[in-house]
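Read through the structure below, which is laid out as structure tokens, and then see the notes.
What follows is calculated from the coordinates using simple rules that are stated; it is not laboratory data. If you're wondering where the values come from, they're calculated on a predicted model, not measured in any experiment. For neighbour counting, all protein chains shown are included, and Cβ atoms are generated from backbone atoms with ideal geometry for every residue, glycine included.
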Amino acid sequence: MPTADHPAVFFDRDGTLIHEVNYCSKPSQVRVIEGTPEALVRLSHAGFVFVIITNQSGIGRGYFTRDDFERVQEELRRQLRPAEIAATYYDDSRPDHPSDRRKPSPRMVEEAARDLGLDLTRSFFVGDKASDVECGKRAGLRTVLVETGYGRDNLDCGADAVAADVSAAADWILQEATCRK
């Protein structure tokens, strides 16, 4: 179990860790973006814990069930091995009926920090949308926008860094972590 001594990297899922398929609801649709498992291993060796923070309005819209979501998560965990995700937090509300947890709210990040005892002052948020960057900023994290998924459409969202993909984001995070020691 992580402790408050551990920094985290919070990741959006769709378009960041896996290729965007518009409401990923089946394990057969999960395709981890090339280089992602290796990048997570590098971050893990530097002491980072991984948490997925994701909006899943497809559940609220009735496109798929929570059980479908869990099956997709299991396939994602399988494809990311040997890297391990500490936890996944998701909000299944529809955008027209948002909850207080839906990104860009920082609430899921705060829940994870409390539940897992993470040090947010040394943590990062990586995603492909402005709402991911805003969520990270609201939680006090340094943020990286990846150009995968919807990233190229959100380049002006105010992220601390822009990276081609999770592998390049990991390079930046490791550099930042080294500089701040």
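Among the residues of the stretch 144-169, those that are acidic (Asp, Glu) and either under 16 Å from Asp14 (Cβ atoms) or touching a residue at least 40 places away in the same chain (Cβ under 8 Å) (or both) comprise Glu147, Asp153, Asp165. Glu20 meets each of the listed conditions (1) touching an Asp or Glu at 6+ places or on another chain (Cβ under 6 Å); (2) part of a helix (DSSP H, G or I); (3) not polar (S, T, N, Q) apart from (2).
So, of the residues in the stretch 76-100 that are of a type in the set (D, E, K, R) and touching a residue at least 12 places away in the same chain (Cβ under 8 Å), which turns out to be farthest from His19 (Cα to Cα)?
Only one residue fits best here, namely Arg94.
Of all the listed residues (Val49, Val41, Val21), the sole one being surrounded by 21 or more Cβ atoms within 10 Å (Cβ to Cβ) and farther than 17 Å from Asp132 by Cβ is Val49.
Quick check on my filter: what residues within the stretch 78-97 are of a type in the set (Gly, Ala, Ser) and in a loop (DSSP other than H, G, I, E, B)?
Keep residues of the stretch 78-97 that are of a type in the set (Gly, Ala, Ser), which gives 83, 86-87, 93.
Passing the criteria: Ala83, Ala86, Ser93.
Quick one: in the stretch 106-158, which of the residues that are touching an Asp or Glu at 6+ places or on another chain (Cβ under 9 Å), of a type in the set (Ser, Thr, Tyr) and not in a loop (DSSP other than H, G, I, E, B) is nearest to Ala46 (Cα to Cα)? The extreme case among them is Thr143.
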